[in-house]
Amino acid sequence: MSPPRVALLGFSIECNRFAPAAGEADFAGRCLLRGPEILADARGPAPRALGEMPGFVAEMDAGGPWEPKPILLAMAEPNGPVEHAVFARMMAEWQAGLRLLRGRVEGVYAVLHGAGLTTSLDDPEGALQALVRAELGEVPFVCTYDLHANVSDANVALNDAFIGYRTNPHLDMRERGAEAARLLRRLMAGERFVRAHRRLPIVAPTVSLLTAEGPYAEVIALGQRRAAEDPRIVNVSVMAGFAYSDTPFNGLCAVVTATRQAAADRLADALAEAAWARRDRFVARLTPLEEAVRRAQESAVPLAFADVADNPGGGGRGNTMWILEAFHRAGVEGAVFGLIHDPALAAEAHAQGLGARFEARFNRDAGQDPFARPFAAEAEVLALSDGRVTGRRGIFAGTAMRLGRSARLRLGGIEAVVIEGRTQCADPAFLEHLGIDIGRARCVVVKSRGHFRGGFDEFFDAARIVEVDAPGLTSPILSRFDWRRLPRPVLPLDPETAWP
């Protein structure tokens, strides 16, 4: 028997409806790989792709002979909706590759996110899955999803196994890719799976969706316990959703893949009921900015402050100044800020050179961005880099990252890392590569919602993390947004919400 042939493709971007549109450059700057490049990257020491594809390829390699048929893998930092013309060109490329593989593959694996948007589509992942089915028919088809996926009916119906992350911060991407490989081999060997899908009217604030503890963690743990007790259960994915996509299928949901429909239905029902019983606990509890300043000045132990409302990992622009300006005005000492997205300032720091002193003008090119108010302070250039970094912990561990031109600036008692690119401050390496000793800082302020917890946990446990309430595109206070497509009523926006 010849080795199984497997088509490989992917489209992964988390889209914030309220952020500026993403173009092809956003994918090219992060991870846009074609054909053999996908395999070379996945098998390399520091892939550009996040862990799902490397995990899948490694597990397939370890499981026996196979013949990969890679097409196109497109990944970008979280952003606004993708320009539809860009997505249409990708679809044409996937279609051409799939058409060449008609009758010539035994399986398909797709890396998907689940919170993608285009300027014309609410469900581009569903469109891609439909394309796979249209071109290849009922070939075994497995998909991995970010746990922030907004799961449409098509996302469940059009594949044979639905696999979502289980950790937030996301630390299990390689494991989920490996799981996809194992399940695809089972499908290619002749097994058949079914799915059950239950969606709840709960659009939970992002800060209530950690998996170390809390209501979401408890529901995930219940699903894993039940799966371990029942051999008919193939996979359990409790999907948190991503509020800012603002889609008709937003809502926390459970997707169960199994060998028997009755078993899948029973477990999906049980998980939905468990989540609903915890509905009052999916709330945001943030620290006011004034209180954060006081704690930065008075704390006897080092603290980490999360600028959760300006999280580039959720489409934030990484450029709001509320916390930096407040800390600077209050004379906070020993603080480190990262990462501030300001291409013009990063370029000026490089032009000024090491040791230069100048007036750092933040957000001079922000245009009409309502959250990017200007701020200026005297600065000294302490370090410069080209921003090529390999992550060492958390979501970016082992991943080749391109921050663009980067600068470490001293602003009074504060050191700030300014970057040309845009990504969340989720990995200590993003600061350390510029010579910052995080262990010596009195406080660290990160533009990140939660992934920093998986990278900075060696410095700050949960008790020393302060989530700050400030304006921004990713504020967990959901009443601040003009929702257009969310299914209403929905918790926590509508207290009267019922679920039959």
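The values are calculated or read from the model by the stated rules, or taken from the named source; none is laboratory data. It should be emphasised that the depicted structure is a prediction, and the values quoted were computed from it without experimental measurement. Here Cβ is always computed from backbone atoms with ideal geometry, including for glycine, and neighbour counts include all displayed protein chains. Side chains included, ligands, DNA and RNA excluded: accessible areas come from the protein's heavy atoms. Shrake-Rupley method; radii C 1.70, N 1.55, O 1.52, S 1.80 Å.
Listed by position, the strands (runs of 3 or more DSSP E) inside segment 241-341 whose residues that are within 20 Å of PHE460 (Cβ to Cβ) and of a type outside the set (S, T, N, Q) number at least 3 are 303-306, 335-341.
Among the residues making up segment 257-311, those that are over 24 Å from ILE465 (Cβ atoms) and β-branched (Val, Ile, Thr) are THR257, THR259. Within segment 33-56, the set of residues being without any contact (Cβ under 8 Å) to a residue 40 or more places away in the chain and in a helix (DSSP H, G or I) comprises PRO36, GLU37, ILE38, LEU39, ALA40, ASP41, ALA42. For segment 351-358, does any single residue satisfy the condition of being on the phi < 0 side of the Ramachandran plot, within 26 Å of the chain's Cα centre (by Cα), open to solvent by less than 20 Å² (accessible area, probe 1.4 Å) and among the hydrophobic types (A, V, I, L, M, F, W, C)? Checking segment 351-358: not a single residue is on the phi < 0 side of the Ramachandran plot, within 26 Å of the chain's Cα centre (by Cα), open to solvent by less than 20 Å² (accessible area, probe 1.4 Å) and among the hydrophobic types (A, V, I, L, M, F, W, C). Answer yes if at least one residue in segment 448-468 is closer than 30 Å to ARG364 by Cβ, surrounded by fewer than 16 Cβ atoms within 10 Å (Cβ to Cβ) and modelled with pLDDT of 95 or more, and no otherwise. No - not one qualifying residue is present in segment 448-468. Among the residues of this structure, VAL219 does not count as one that is part of a strand (DSSP E or B) and either touching a residue at least 40 places away in the same chain (Cβ under 8 Å) or surrounded by fewer than 23 Cβ atoms within 10 Å (Cβ to Cβ) (or both). Scanning segment 109-168 for residues that are acidic (Asp, Glu) and assigned to a helix (DSSP H, G or I), we see that the one that is surrounded by the most Cβ atoms within 10 Å (Cβ to Cβ) is GLU125. Of everything in segment 359-378, what is surrounded by 15 or more Cβ atoms within 10 Å (Cβ to Cβ) and part of a strand (DSSP E or B)? Give them in sequence order. Scanning segment 359-378 gives ALA360, ARG361, PHE362, PHE375, ALA377. At pLDDT 95 or above, over 24 Å from ALA49 (Cα atoms) and either not in a loop (DSSP other than H, G, I, E, B) or not hydrophobic (A, V, I, L, M, F, W, C) (or both): does that describe THR497? Considered against the rule, which asks whether it is at pLDDT 95 or above, over 24 Å from ALA49 (Cα atoms) and either not in a loop (DSSP other than H, G, I, E, B) or not hydrophobic (A, V, I, L, M, F, W, C) (or both), THR497 comes out as yes.
You will find that of LEU200, LEU210, LEU184, the residue that is in contact (Cβ under 8 Å) with a residue 60 or more places away in the chain, touching a strand residue (DSSP E or B) at 6+ places or on another chain (Cβ under 7 Å) and surrounded by fewer than 23 Cβ atoms within 10 Å (Cβ to Cβ) is LEU200 and no other. Condition check for ARG176 on (1) at positive phi; (2) of a type in the set (D, E, K, R); (3) surrounded by 23 or more Cβ atoms within 10 Å (Cβ to Cβ): one failure, at (1). Looking at ARG393, ARG410, just one residue is over 20 Å from the mean Cα position of the chain (by Cα), at pLDDT 95 or above and of a type in the set (Lys, Arg), and that residue is ARG410. Count of segment 471-500 residues, restricted to those that are under 21 Å from the mean Cα position of the chain (by Cα) and either open to solvent by 60 Å² or more (accessible area, probe 1.4 Å) or within 26 Å of MET321 (Cβ to Cβ) (or both), is 9.
Residues checked against (1) more than 16 Å from CYS443 (Cβ to Cβ); (2) modelled with pLDDT under 95:
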residue	(1), (2)
MET321	yes, no
ALA326	no, no
VAL336	no, no
GLU348	yes, no
GLU359	yes, no
ASP365	yes, yes
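Residues in segment 386-437 that are among the acidic types (Asp, Glu), surrounded by fewer than 20 Cβ atoms within 10 Å (Cβ to Cβ) and in a loop (DSSP other than H, G, I, E, B): ASP386, ASP437.
Whenever a residue of segment 96-112 is more than 22 Å from ALA49 (Cα to Cα), its partners that are part of a helix (DSSP H, G or I) and open to solvent by less than 60 Å² (accessible area, probe 1.4 Å), lying with C-beta atoms within less than 6 angstrom and at least six residues away or across chains, give the pairs ARG99/GLU135; GLU106/MET188.
Here HIS84 clears all of (1) over 30 Å from ALA372 (Cβ atoms); (2) of a type outside the set (A, V, I, L, M); (3) modelled with pLDDT of 95 or more; (4) surrounded by fewer than 20 Cβ atoms within 10 Å (Cβ to Cβ) except the condition numbered (1).
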